[in-house]
2 protein chains.
Amino acid sequence: MAITHASPGQIIDISPLGEQLAESKTVALFKSNDIEVIRLVLLAGKSFPPHTVSGEVTIQCIEGVMSVSASGIDSILRIGQLIYLQGDVLHSINALENASALVTIALVK
Amino acid sequence: MAITHASPGQIIDISPLGEQLAESKTVALFKSNDIEVIRLVLLAGKSFPPHTVSGEVTIQCIEGVMSVSASGIDSILRIGQLIYLQGDVLHSINALENASALVTIALVK
């Protein structure tokens, strides 16, 4: 299936995937001039390995529980919680339960 | 009370304000190099008047119902929904019920 990115002004559903979570994949919701937004899906025990991005990032837990590791600190992120990381900071995300997160990346020129 | 902005890696609570909503004010959660994140509180019938920002913006409804007007289109935003707007687009937000939203602004240099 081709991935259709959202357009400006279009309503984007970011509610919990619930029963569909286990069969869902990470998807880019849109990538525009200044911002990219991804719904990251990580099943329990899986991780998004250490990486950096140039711009700042926010990670918001939509469902489940995850651990965000950055600058030698592990932070537990639960539903209704958000964390931000500065650009070029090596970080990884580990799912402690089946989880999804809204990841917003500032696209730095 | 002095406003304390969150630091990178700090857990930020963005869960619904619920019973505290009616007594809450809009607050900047943090402003860093590339991103500013605000929790906008708008009580029913109130609006954030037409304005522009240079960078792109995402608006995520945390609770309540709001209408986002941009480029001549009114979009109804409910819990679990997100919309993004390109930079320099005149927009306004009107609360149809007591509402709060997470607003993420790309700080364009």
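The values are calculated or read from the model by the stated rules, or taken from the named source; none is laboratory data. Everything quoted here is computed from the prediction, not taken from an experiment. Here the Cβ is made from the backbone with ideal geometry for all residues, glycine too, and neighbour counts use every protein chain on show.
Count of segment A:1-28 residues, restricted to those that are under 20 Å from residue B:89 (Cα atoms) and not β-branched (Val, Ile, Thr), is 6.
Each row is one residue, and each column tells you yes or no for (1) in contact with a helix residue (DSSP H, G or I) (Cβ under 7 Å, 6 or more places away or on another chain); (2) within 22 Å of residue B:53 (Cα to Cα); (3) among the β-branched types (Val, Ile, Thr).
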{"site": "A:8", "(1), (2), (3)": "no, yes, no"}
{"site": "A:42", "(1), (2), (3)": "no, no, no"}
{"site": "A:58", "(1), (2), (3)": "no, yes, yes"}
{"site": "A:65", "(1), (2), (3)": "no, no, yes"}
{"site": "A:100", "(1), (2), (3)": "yes, no, no"}
{"site": "A:105", "(1), (2), (3)": "no, yes, yes"}
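For segment A:42-52, the criterion of a residue being of a type in the set (A, V, I, L, M, F, W, C), modelled with pLDDT under 95 and over 13 Å from the mean Cα position of the chain (by Cα) is satisfied by no position. Filter segment A:88-105 down to the residues that are among the hydrophobic types (A, V, I, L, M, F, W, C) and more than 10 Å from every other protein chain (Cβ to nearest Cβ) and list them by number. A:90, A:93, A:95, A:96, A:99, A:101, A:103, listed by residue number. Scanning segment B:69-87 for residues that are more than 8 Å from residue A:9 (Cβ to Cβ), within 7 Å of chain A (Cβ to nearest Cβ) and β-branched (Val, Ile, Thr) returns no hits. Here's a check for you: in segment B:12-68, which residue that is closer than 21 Å to residue A:7 by Cβ, without any contact (Cβ under 8 Å) to a residue 40 or more places away in the chain and assigned to a strand (DSSP E or B) is nearest to the other protein chains (Cβ to nearest Cβ)? Among those residues, the one meeting the criterion is B:68. For segment A:24-38, does any single residue satisfy the condition of being among the basic types (Lys, Arg), touching a Cys at 6+ places or on another chain (Cβ under 6 Å) and closer than 23 Å to residue B:38 by Cβ? No; the residues of segment A:24-38 include none that is among the basic types (Lys, Arg), touching a Cys at 6+ places or on another chain (Cβ under 6 Å) and closer than 23 Å to residue B:38 by Cβ.
Here's the yes/no breakdown for (1) under 26 Å from residue A:70 (Cα atoms); (2) surrounded by 16 or more Cβ atoms within 10 Å (Cβ to Cβ); (3) out of contact with any strand residue (DSSP E or B) (no Cβ under 8 Å at 6 or more places or on another chain):
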| residue | (1), (2), (3) |
| --- | --- |
| B:35 | yes, yes, no |
| B:48 | no, yes, no |
| B:54 | no, no, yes |
| B:62 | no, yes, no |
| B:67 | no, no, no |
| B:93 | no, yes, no |
